[in-house]
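The values are calculated or read from the model by the stated rules, or taken from the named source; none is laboratory data. These figures come from a predicted structure and were not determined experimentally. Please note: Cβ atoms are built from the backbone with ideal geometry, for glycine as well, and neighbour counts cover all protein chains shown.
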Amino acid sequence: PFPISKGQCKFLIVSVDLFTKWIEVETLACISAHQVQKFLWRNIITRFGIAHTLVTDNGLQFTDRKLNEFLAGLGIQHKVTSVKHPQTNGQAESANKVILTELKKRLGEAKGAWAEQLPEVLWAYRCTPQSTTQETPFRLVYGSDVMIPVEIREPSFRRAHFEESNNEAELRINLDIVENTRD
């Protein structure tokens, strides 16, 4: 657990998409099967659709009967990793490591402020090309490059040459490119 932050939160629940490497995270005061189900519904299913497979560790919150009935009712295959082989959930372990490392860098002595720093850590991760895809998670999810704050002060080529009349056509081309990348 983390030091207690606003809302009595001291835990994170983390989800990582296998292909895009997109991370969704929520802070929690306690981790229960009900909280996991709410997280999956709010942060994954209603935003990205129903997943084919969910890989989790074997924590009680993930092996709960009601949670597994919820997943089965949606046709989601639930795979639980072995205690002896946590590396089978390497995506989540890697994401957790990145989140923890970046939070530690930003916090210094203000350890209780980790929840406030979390959105910036996620933003940085989502805008950073991943070694396995050579793309940013943002681009793979949304089909275009993210506009970052530095581009406001120092306009990039894309921002300097933006033409609203061509925007829709360019977005369609980007989506075609993303589809090819996903295949």
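Kindly indicate whether residue 114 is part of a helix (DSSP H, G or I) and in contact with a Leu (Cβ under 6 Å, 6 or more places away or on another chain). Spelling it out, residue 114 is indeed part of a helix (DSSP H, G or I) and in contact with a Leu (Cβ under 6 Å, 6 or more places away or on another chain). So which residues in the stretch 157-183 are hydroxyl-bearing (Ser, Thr, Tyr), at pLDDT below 75 and farther than 22 Å from residue 23 by Cβ? If the condition is that a residue be hydroxyl-bearing (Ser, Thr, Tyr), at pLDDT below 75 and farther than 22 Å from residue 23 by Cβ, then no residue fits.
In this structure, is residue 126 surrounded by 18 or more Cβ atoms within 10 Å (Cβ to Cβ), at pLDDT 95 or above and among the charged types (D, E, K, R)? Spelling it out, residue 126 is indeed surrounded by 18 or more Cβ atoms within 10 Å (Cβ to Cβ), at pLDDT 95 or above and among the charged types (D, E, K, R).
Do we have any residue at all in the stretch 7-15 that's at positive phi and surrounded by fewer than 18 Cβ atoms within 10 Å (Cβ to Cβ)? The answer is yes; a qualifying residue exists. Condition first: of a type in the set (A, V, I, L, M, F, W, C), over 14 Å from residue 71 (Cα atoms) and either exposed (fewer than 15 other Cβ atoms within 10 Å of the Cβ) or in contact with a Gly (Cβ under 6 Å, 6 or more places away or on another chain) (or both). Now tell me which residues in the stretch 20-51 satisfy that. Across the stretch 20-51, the qualifying residues are 29, 30, 48.
Evaluation of residue 128 against the conditions (1) β-branched (Val, Ile, Thr); (2) free of Cβ contacts under 8 Å to residues at least 60 places away in the same chain; (3) part of a loop (DSSP other than H, G, I, E, B); (4) out of contact with any Ser or Thr (no Cβ under 7 Å at 6 or more places or on another chain) shows that the sole unmet condition is (4).
Sort out which residues of the stretch 19-36 are over 16 Å from the mean Cα position of the chain (by Cα) and either in a helix (DSSP H, G or I) or in contact (Cβ under 8 Å) with a residue 24 or more places away in the chain (or both), and write them in order of number. Those that are over 16 Å from the mean Cα position of the chain (by Cα) and either in a helix (DSSP H, G or I) or in contact (Cβ under 8 Å) with a residue 24 or more places away in the chain (or both): 31, 32, 33, 34, 35. Take the residues in the stretch 64-90 that are of a type in the set (Gly, Ala, Ser) and under 22 Å from the mean Cα position of the chain (by Cα), then tell me which one is surrounded by the most Cβ atoms within 10 Å (Cβ to Cβ). Top of the filtered list is 90. Screening residue 93 on (1) in contact with a helix residue (DSSP H, G or I) (Cβ under 9 Å, 6 or more places away or on another chain); (2) surrounded by fewer than 18 Cβ atoms within 10 Å (Cβ to Cβ); (3) more than 28 Å from residue 136 (Cβ to Cβ) shows it passes everything except condition (3).
Evaluating residue 165 against the criteria (1) under 26 Å from residue 53 (Cα atoms); (2) outside the structural domain of residue 55 (by TED's automatic domain parsing) leaves one unmet condition, (1). Number of residues in the stretch 72-101 that are assigned to a loop (DSSP other than H, G, I, E, B) and modelled with pLDDT of 90 or more equals 3.
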